[in-house]
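First the structure, in the form of structure tokens, and then the observations on it.
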Amino acid sequence: MAPSYDTLRDEDLDEDDFDVDEVDISDLREKYEVQLEQGYDTFVVIDGLPEVNEEQKPKLVKFLLKKLNTVGKTKEDLIFMPMGENGKSMRFAFVEYSSAAEAAAAVRQLDLTPLDKKHTLRVNKMTDVDRYGREGRIDEDYTPPIIEPFQEKEHLRSFMADPSGRGRDQFVMYRGEAVGVFWNSEKDAPENIVDRQHWTDTFVQWTPLGTYLTSVHAQGVQLWGGASWSRQKRFAHPFVNLVAFSPNEKYMVTWSNRPISIPDEGHPSLSIEDDGKNYIIWDIETSKPIRSFAQLDTPGGAGVDENGVAKKQKFPWPAFKWSADDKYVARLNQGNSISIYELPRMNLLDKTAIKIEGVVDFDWAPATPSRDGIKAYEQLLCFWTPEIGSNPAKVSLMSIPSKEIVRTLNLFSVSDAKLHWQSDAAYLCVKVDRHSKSKKSQATTLEIFRVKEKGVPVEVVDTIKDTVINFAWEPKGDRFVIITTTEPVGPTAVPPKTSVSFFCPEKAKGNAIGNFKHLRTLDKKNSNAIYWSPKGRFVVVATVANTQSSDLDFYDLDFEGEKPESDKDLTANLQLMNIAEHYGVTDIEWDPSGRFVATWASSWKHSMENGYHLYDFKGEQLREEAIEKFKQWQWRPRPASLLSKEEQKTIRRNLREYSRIFEVEDAERINSADVAVVEERRRLLDEWLAWREAVEEELAEEREILGLPADLVGELLKAKTAQIAPDQEEVTVEEIMEEVLEETEEIVS
């Protein structure tokens, strides 16, 4: 009989008989073990707090509580802030929320939130901290981090220092399967910098400031730069189709027509939250995704139907539009709101989209507005809404982040509207297509908002009866060009006849800008595209993507010649400088300096006479090169000048003195080029003469060995002569030739 537990003594127990490790208690552990994820899921850990003493602690808790209660409910007695042995806080705190959902919202919305100028909050779940500790990710013993030795990186803007000293610009060409970057050498063949096969799968693209060259692949996007053209950044977005950058190159958005599918083994950059999404917003500096979005149908400026409802356009690009300072990015929600996100956290501004009934299109001002009454950090956003019921159509200017409406314009009988900002955000032109009451005829008006003037007055340019198919502001200026046609817009067998009209302000007193007036209209043209120089003044009006006409008209709006009497009161003097033709031209682009224009015929659009032409700003052709399977040309952008406006004005005033130096350098370069050609020809001649002399010496040696005469040819000629006339002596024959130099007839009576 086995002894009872009560009578069992310690000496009766043998260690070999009772091994704890062999006892299976997994079922008991699973049943009774405390689950930290369930016990502490309402707690968060706040790090990055300032160091305070006991007297300052209550003030810090109250200040922190204001931010904590924006995402949930907590109280002062639910905030525990540990104090160190020195009587000061340890710069972190534990916070308990009323629910796990509120704790999760705190991590999502408050992490990386600035507490003040010197402190940024880091918010994590308490369960995450415990889990990392249990899994051995956090070592109990502090180990100082290993500081890698400093390695100097390549200068990403080394392209601004042209080794030739001539201030040349770079451009990229994609032809066949090769991508090459070149220095522009004007009339000479471009100087190759780097050339690689299969550098991209689809296309290449410069970033807005020219720092990186973008290549697009099935696996994602890569950024290249530096003197060695090494890979600087990589962004893994499978099957990416399109890429767009923020103006200051801080962020990037990628889009794929295939929704993202995260494999079971995970993805190197994306998480399960990105599964099924099409758009990804990236931080370029860290190469990490910030947020992803699914595809949405938006109108994208497609206009409205007969009932005033926004027409759908399934794919507008860019779907996300950036403010000029990179602090905000906005997206249109079809017909009801605009979602504005703050960067870098990508949280919705004021936690809600801006409700705008019927909104069709919007656009940010391309520059921070400098106007009285607008704070420096405010950005301008313009949008328009169609007529809804008895309410008129509206164009509004909104200041962000205050969401204050700066100006609203009511419009009637609107079929469509297009928003056109001037590069300095000094003007906004709204091209309004209006229909008659019967809706059988249509006319266009240009509503120009003078943004920098008090009250933002709106000037209406004369009604244009023809259809406006193109509009373009002068960069950094106040003139614009439009192209109109009397024929219906749309694909036709024969290109429509168009008219090109130039507009400029009247002269006004002081620095004021007068009213906009019509300068000139050129009829019976085929033009359909307008390309202003990035520096203003010069413009190319062209016919692109047209097999029947490929005209390039180069205009100067500040011609220094005599001004017509009718234009005396206007701020422009129009002159046609040159007319060129490039058959099959599909694309045109000015270089960033405004000195050269590149035109090319891309094999992406047709396969006839692919290649490029290069012109100067006057329209004189410098180079022409036909290249099979030529796809793309892009000038490398330049960052903004570091010179102040006053320094730039000083340079313009003294431009004649600088130009003399440049003229001398150009003359020396041309002369040196001529000298180089002469020296090369002389070198080739000397090489040929030396070769001939060496050959003659070899022949002489061979004749001597064979016993032949030194002048074999002369001996053969003498022998031939002797065979023809052996008995005749040499006879000298003289010929007398008469030539009539002048002959005059005179009649004698």
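The values are calculated or read from the model by the stated rules, or taken from the named source; none is laboratory data. As the structure is a computational prediction, the values presented were derived from the model and not from experiment. Ideal geometry is used to build each Cβ from the backbone, glycine not excepted, and the neighbour counts take in all protein chains shown.
Kindly indicate the residue of the range 552-580 that is surrounded by 14 or more Cβ atoms within 10 Å (Cβ to Cβ) and acidic (Asp, Glu) and also farthest from Trp600 (Cα to Cα) among those meeting that condition. Only one residue tops the list, namely Asp567.
With respect to Ile464, is the statement that it is at pLDDT below 95, more than 29 Å from Lys568 (Cβ to Cβ) and touching a Ser or Thr at 6+ places or on another chain (Cβ under 7 Å) true? Answer is no for this residue. Residue-level check: of (1) more than 25 Å from Lys321 (Cα to Cα); (2) surrounded by fewer than 15 Cβ atoms within 10 Å (Cβ to Cβ); (3) not charged (D, E, K, R), Trp199 misses just (2). Exactly one residue among Lys327, Lys355, Lys321 is over 20 Å from the mean Cα position of the chain (by Cα) and basic (Lys, Arg), and that residue is Lys355. The selection criterion, being of a type in the set (Ser, Thr, Tyr) and in contact (Cβ under 8 Å) with a residue 24 or more places away in the chain, holds for Thr127. I'm told Gly510 meets every condition in (1) buried (at least 17 other Cβ atoms within 10 Å of the Cβ); (2) of a type in the set (Gly, Ala, Ser); (3) farther than 22 Å from Ser423 by Cβ except one. Can you identify the failing condition by its number? Only one criterion in (1) buried (at least 17 other Cβ atoms within 10 Å of the Cβ); (2) of a type in the set (Gly, Ala, Ser); (3) farther than 22 Å from Ser423 by Cβ is unmet by Gly510, namely (1). For the range 451-466, the count of residues that are crowded, with 18+ Cβ neighbours inside 10 Å and touching a Gly at 6+ places or on another chain (Cβ under 8 Å) is zero.
Only residues that are under 21 Å from Asn526 (Cβ atoms), in a strand (DSSP E or B) and among the acidic types (Asp, Glu) were counted across the range 609-630, and they come to 0. Do we find that Gln648 is at negative phi, surrounded by 10 or more Cβ atoms within 10 Å (Cβ to Cβ), touching a strand residue (DSSP E or B) at 6+ places or on another chain (Cβ under 6 Å) and not in a loop (DSSP other than H, G, I, E, B) in this structure? No. Consider the range 611-628 and keep the residues that are farther than 20 Å from Trp532 by Cβ and free of Cβ contacts under 8 Å to residues at least 40 places away in the same chain. The one that is nearest to the chain's Cα centre (by Cα) is Gly611. Being at negative phi, in contact (Cβ under 8 Å) with a residue 40 or more places away in the chain and either buried (at least 18 other Cβ atoms within 10 Å of the Cβ) or in contact with a strand residue (DSSP E or B) (Cβ under 6 Å, 6 or more places away or on another chain) (or both): is that true of Phe182 here? The answer is no for Phe182.
Does Ser441 qualify as being surrounded by fewer than 18 Cβ atoms within 10 Å (Cβ to Cβ), under 27 Å from Phe502 (Cα atoms) and out of contact with any Gly (no Cβ under 7 Å at 6 or more places or on another chain)? So Ser441 passes the test. Restricting the first member to the range 690-713 and to residues that are aliphatic (A, V, I, L, M), and the second to residues that are not in a helix (DSSP H, G or I), the beta-carbon pairs closer than 7 Å and six or more apart or on different chains are Ala700/Ala710.
When you check Ile513 against the structure, is it touching a Pro at 6+ places or on another chain (Cβ under 9 Å), closer than 29 Å to Lys394 by Cβ and not in a strand (DSSP E or B), yes or no? Yes; evaluated as a whole, the condition is true for this residue.
Quick grid of which residues meet (1) buried (at least 16 other Cβ atoms within 10 Å of the Cβ); (2) out of contact with any Phe, Trp or Tyr (no Cβ under 6 Å at 6 or more places or on another chain):
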position: Ile338; (1), (2): yes, no
position: Leu343; (1), (2): yes, yes
position: Asp350; (1), (2): no, yes
position: Ile356; (1), (2): yes, yes
position: Val359; (1), (2): yes, no
position: Asp363; (1), (2): yes, yes
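Determine, yes or no, whether Lys394 is assigned by TED's automatic domain parsing to the domain that holds Asp416 and loosely packed, with under 15 Cβ neighbours inside 10 Å. Considered against the rule, which asks whether it is assigned by TED's automatic domain parsing to the domain that holds Asp416 and loosely packed, with under 15 Cβ neighbours inside 10 Å, Lys394 comes out as no. When Pro144 is tested against the conditions (1) surrounded by fewer than 14 Cβ atoms within 10 Å (Cβ to Cβ); (2) touching a residue at least 12 places away in the same chain (Cβ under 8 Å); (3) part of a loop (DSSP other than H, G, I, E, B), the lone failure is (2). Among the residues of this structure, Gly167 counts as one that is exposed (fewer than 15 other Cβ atoms within 10 Å of the Cβ), modelled with pLDDT of 85 or more, among the small types (Gly, Ala, Ser) and assigned to a loop (DSSP other than H, G, I, E, B). Applying the condition of being assigned to a loop (DSSP other than H, G, I, E, B) and at pLDDT 90 or above to the range 319-344 and asking which residue is farthest from Ala417 (Cα to Cα) yields Leu343. Close Cβ contacts (under 9 Å, 6 or more residues apart or on different chains) running from residues in the range 250-270 that are in the same structural domain as Asp283 (by TED's automatic domain parsing) and farther than 10 Å from His237 by Cα to residues that are crowded, with 16+ Cβ neighbours inside 10 Å and hydroxyl-bearing (Ser, Thr, Tyr) comprise Met252/Thr207; Met252/Thr214; Met252/Ser246; Val253/Ser246; Val253/Tyr279. Does the range 202-213 contain at least one residue that is polar (S, T, N, Q) and loosely packed, with under 11 Cβ neighbours inside 10 Å? No, there is no match, as no residue in the range 202-213 is polar (S, T, N, Q) and loosely packed, with under 11 Cβ neighbours inside 10 Å. In the range 632-645, is there at least one residue being part of a helix (DSSP H, G or I), within 31 Å of the chain's Cα centre (by Cα) and outside the structural domain of Glu249 (by TED's automatic domain parsing)? Yes, the range 632-645 has at least one match.
Considering Ser527, Ser549, the condition of being within 20 Å of Ala472 (Cβ to Cβ) and within 27 Å of the chain's Cα centre (by Cα) is satisfied by Ser527 alone. Whether a residue is among the hydrophobic types (A, V, I, L, M, F, W, C), over 30 Å from Val539 (Cβ atoms) and out of contact with any strand residue (DSSP E or B) (no Cβ under 7 Å at 6 or more places or on another chain) was assessed, and Ile400 does not pass this test.
Mind checking whether some residue in the range 471-482 is exposed (fewer than 13 other Cβ atoms within 10 Å of the Cβ) and either of a type outside the set (Val, Ile, Thr) or on the phi > 0 side of the Ramachandran plot (or both)? The answer is no; no qualifying residue exists.
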